[in-house]
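The values are calculated or read from the model by the stated rules, or taken from the named source; none is laboratory data. Nothing here was measured: the structure is a model prediction, and the numbers come from that model. Counting neighbours? That spans all protein chains shown, and the Cβs are built from the backbone with ideal geometry, glycine included. Just so you know, the surface numbers come from the protein's heavy atoms only, side chains and all, with ligands and any DNA or RNA stripped out. Shrake-Rupley method; radii C 1.70, N 1.55, O 1.52, S 1.80 Å.
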Amino acid sequence: MFQKITLRRGFSPFRIVRYFTFAATVMTLCAGAQAAWPERPIRWIVPAAASGGSDAAARVIADQLSRRLGQPIVIDNKPGASGAIGLDAIAKSAPDGYTIGTANITNFVLNRQLRSSLPFNPDRDFLPIAKLTNQPNVLVINNSVPAKNLKDFIALIKSKPGELFYGSSGSGSSMHVAAVSLSQASGLNMVHIPYKSSPAANTDLMGGSIQVMIDNLSTLAPSIRAGKVRALAVTAPKRSTVLPDVPTMAEAGGPDIQMLAWGGVVAPAGVPQPIVKKLSDEIIAVLAMPDVRAKLTEMGYEIDPQGPAAFGELIVRENVRWGQVIRKGNIKPD
């Protein structure tokens, strides 16, 4: 059972004792260093411009997370390439727990399915830390469109194939993919008009240049409340607390399209599991704080905290699901 240890001539048992004592000391110091994490500021990379929804949500959470961890959390905005620039920076950071970043359905799933090559491997280069929020999309139409509900709207499009225009923030955006999913499920023929931004599309929707749009509820809620556009359904499994009078797709009699603009936190692959667990536990604790929940809800987010395993499983499911929609619709990025 035990191997016989043969000592070389001149190699005394005392040297063995000193060797193992040294090794044990190093391991203790390493364990202590890991247990002391964090000992310096943490960088949170947001792959989007400052003042956007992802940026605002990250700052609300980071403020309280910083207090719990006892270290500053610095938001580092790295927009561009549909989030690929920011994600690449996360992937190439040291796996020591001092760099984390925002991953969402657009930059972590749709972008991967749309682009043949990325400077990183989404499967190999990241660790899921925690899911944060969901945000339903909402289907809206210009007030001049003669449809009072989703059934009327679907019937109208089928009676006028190719005559109605829908907008999005660009080819391959979540707005575009959601509309394609609806068209595939209902056999609709609408014309896609890509814009450079969601606000630009929203402006033309209210002006009547386009008749239809699916976008994040938080973006469209002010226009809906002001009566500038008409909301027909949300792409969610249940109604939103932000607009409780708007039915789900299924409730409105249409296909059960569910597209949630979820967001979460990832880190570079290789971060030690104790740090991953601490980060995840602390983020989920922050999401349970009433003040944080109130601020995120006011922004249009639904809090949906999940740990690393559940968040990782969601990412796998979403890649399969939306990859099929994108390939079937032959969607290409801008």
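Any idea what angle helix 150-159 forms with the longest principal axis of the chain, computed on alpha-carbon atoms, 0 to 90 degrees, nearest 10?
60 degrees
What translational D, rounded to a whole number of µm²/s, comes out for the range 40-195 from Stokes-Einstein when the hydrodynamic radius is the Kirkwood one over Cα pairs, at 10 °C and 1.306 mPa s? Spell out each step's value before the answer.
On the way: Rh = 18.0 Å.
So the translational diffusion coefficient is about 88 µm²/s.
Defining a contact as two alpha carbons under 8 Å apart and six or more residues distant in sequence, what relative contact order in percent does the chain show? It would help to have the intermediate numbers written out before the result.
Details: 598 pairs, mean separation 81.8, N = 334.
Taking the mean separation of contacting Cα pairs over the length of the chain, I get 24 percent.
Could you give the alpha-carbon Rg of the range 203-334 over 2.2 N^0.38 Å, rounded to two decimals?
1.27
What residues have an amide H closer than 5 Å to that of ASP215, excluding those fewer than 5 places away on the same chain, when H is modeled at 1.01 Å from N in the peptide plane?
VAL138, VAL140
In whole Hz and in residue order, list the ³J(HN,Hα) couplings for the range 132-146 that follow from phi through the Karplus curve 6.51 cos²θ - 1.76 cosθ + 1.60, θ = phi - 60°; x for Gly and Pro.
For the range 132-146, the Karplus-derived couplings read 10, 9, 10, 9, x, 8, 9, 8, 10, 10, 5, 4, 7, 6, x Hz, x marking Gly and Pro.
Using the Karplus equation 6.51 cos²θ - 1.76 cosθ + 1.60 (θ = phi - 60°), what ³J(HN,Hα) coupling, rounded to whole Hz, does each residue of the range 47-63 give in order, writing x for Gly and Pro?
Result, ordered by residue: x, 7, 5, 5, 6, x, x, 4, 5, 5, 5, 4, 5, 4, 6, 4, 4 Hz.
Using a Gaussian network model on the chain with a 10 Å cutoff between Cα atoms, which of LEU139, LEU260, LEU69 fluctuates the most?
LEU69
With an 8 Å cut-off on Cα pairs and a minimum separation of 6 or more residues, tell me the relative contact order of the range 38-102 in percent.
Relative contact order, the range 38-102: 50 percent.
What are the ³J(HN,Hα) values, in whole Hz, obtained from phi via the Karplus relation 6.51 cos²θ - 1.76 cosθ + 1.60 with θ = phi - 60°, for each residue of the range 208-214 in sequence order, with x given for Gly and Pro?
Listing the rounded values in order: x, 5, 10, 10, 9, 7, 10 Hz.
For the range 144-268, divide the Cα radius of gyration by the Kirkwood radius and give the resulting Rg/Rh value with two decimals.
Rg divided by Rh gives 0.95.
Between helix 13-35 and the chain, what is the angle of the helix's C-alpha long axis to the longest principal axis, kept within 0 to 90° and rounded to the nearest 10?
It is inclined by approximately 30 degrees.
Over the chain, average the accessible area per residue using a 1.4 Å probe and give it in Å², no decimals.
Numbers: 15960 Å² over 334 residues.
So the chain comes to 48 Å² accessible per residue, rounded to a whole number.
Against the longest alpha carbon principal axis of the chain, how many degrees, from 0 to 90 and to the nearest 10, is the axis of helix 273-287 turned?
Taking the Cα atoms of the chain, the angle to 273-287 is about 40 degrees.
Toward the positive end of the charge dipole of the chain, about the Cα centre and with charges on Cβ (Lys, Arg +1; Asp, Glu -1), which of ALA226, ALA84, ALA178 goes farthest?
Selected residue: ALA84.
With an 8 Å cut-off on Cα pairs and a minimum separation of 6 or more residues, tell me the relative contact order of the range 61-179 in percent.
Details: 57 pairs, mean separation 22.7, N = 119.
The value is 19 percent.
If amide hydrogens are placed 1.01 Å from N in the peptide plane, which non-local residues have theirs closer than 5 Å to the one on LYS78?
Counting only residues 5 or more places away or on other chains, the set is VAL46, ALA48.
Only one of the listed values, [x] 48, 21, 16; [y] 45, 23, 18; [z] 33, 22, 18, was derived from the coordinates as semi-axes √(5λ) of the Cα gyration tensor in Å; which label is it?
Entry [x].
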